[in-house]
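Undergrad: Dumping the structure here so I can ask a few things about it.
The values are calculated or read from the model by the stated rules, or taken from the named source; none is laboratory data. All values derive from a computational prediction rather than experimental measurement. Because the Cβ atoms are built from the backbone with ideal geometry, glycine has one as well, and the counts that use them run over all protein chains shown. The area values use the complete protein model at the heavy-atom level, side chains included, leaving out ligands, DNA and RNA. Shrake-Rupley method; radii C 1.70, N 1.55, O 1.52, S 1.80 Å.
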Amino acid sequence: FRRVLFRSLYAIMLESANECANAIAEHISGSTEEFANLMNQRAAELGCTNTHFANPSGLPNEEHYTSAHDMALITSEA
């Protein structure tokens, strides 16, 4: 399982493998929607004030937005 997880994370970071992002989200939270809620909670903990995630993959969605400042906070944490 650990090897599959690392390969999936690698695919998400380098190949934008949206299906891997969704699979990991469903495994961790039970649904992509609940995982997006966790992402929003974490962003708020980091001090992001203009960020809302609508899905774990970053695919276009009208409710999915961030700012350059918030992205810098997120990137710094990563």
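Undergrad: In percent, how large is the relative contact order of region 10-78, given Cα pairs closer than 8 Å and 6 or more residues apart?
TA: 26 percent.
Undergrad: Could you tell me which of rounded, prolate or oblate describes region 27-69, using a ≥ b ≥ c as the square roots of the eigenvalues of the alpha-carbon gyration tensor, with rounded for a/c under 1.5 and, failing that, prolate when a/b is larger than b/c and oblate otherwise?
TA: oblate
Undergrad: What do you reckon, how do PHE35, PHE6 stack up by accessible area (1.4 Å probe), largest on top?
TA: PHE6, PHE35
Undergrad: Based on DSSP H assignment, which helices of the chain show an axial Cα extent of at least 15 Å together with a mean Kyte-Doolittle hydropathy greater than or equal to 0.0?
TA: Helices meeting the span and hydropathy rule in the chain are 2-15.
Undergrad: Could I ask something else about it? HIS52 to SER76: extension gain in nm, 0.36 nm per residue of separation minus the Cα-Cα distance?
TA: 6.9 nm is the gain from fully extending HIS52 to SER76.
Undergrad: Please calculate how many Å² of accessible area the chain carries per residue, with a 1.4 Å probe and no DNA, RNA or ligand atoms counted.
TA: Value for the chain: 72 Å² per residue.
Undergrad: Among ALA21, ALA54, ALA44, determine the one that fluctuates most according to a GNM of the chain built with springs between C-alpha atoms less than 10 Å apart.
TA: Maximum among the listed residues: ALA44.
Undergrad: Using each residue's phi in region 51-57, evaluate 6.51 cos²θ - 1.76 cosθ + 1.60 at θ = phi - 60° and report the 3J(HN,Hα) Karplus result to the nearest Hz, with x for Gly and Pro.
TA: Karplus values, whole Hz, x for Gly and Pro: 9, 8, 9, 9, 7, x, 9.
Undergrad: Please compute the net charge surrounding LEU38, taking Lys and Arg as +1 and Asp and Glu as -1 over other residues with Cβ under 14 Å from its Cβ.
TA: Residues close to LEU38 contribute a combined charge of -3.
Undergrad: Can you tell me the dipole magnitude for region 16-71 around its Cα centre, using point charges on the Cβ only (Lys, Arg +1; Asp, Glu -1), in Debye to the nearest 20? Write out the running numbers ahead of the final one.
TA: Numbers: 1 positive and 8 negative charges, 32 e Å.
Roughly 160 debye, rounded to the nearest 20.
Undergrad: At what distance in nm do the modelled label points of LEU38 and LEU9 sit from each other, each positioned 7 Å from its Cα along Cα→Cβ?
TA: In this crude label model, LEU38 to LEU9 measures out at 1.3 nm.
Undergrad: Moving to a separate point now. By the gyration tensor of its Cα atoms, with a ≥ b ≥ c the square roots of the eigenvalues, what is the shape of the chain: rounded for a/c under 1.5, prolate for a/b over b/c, or oblate?
TA: In terms of gyration-tensor shape, prolate.
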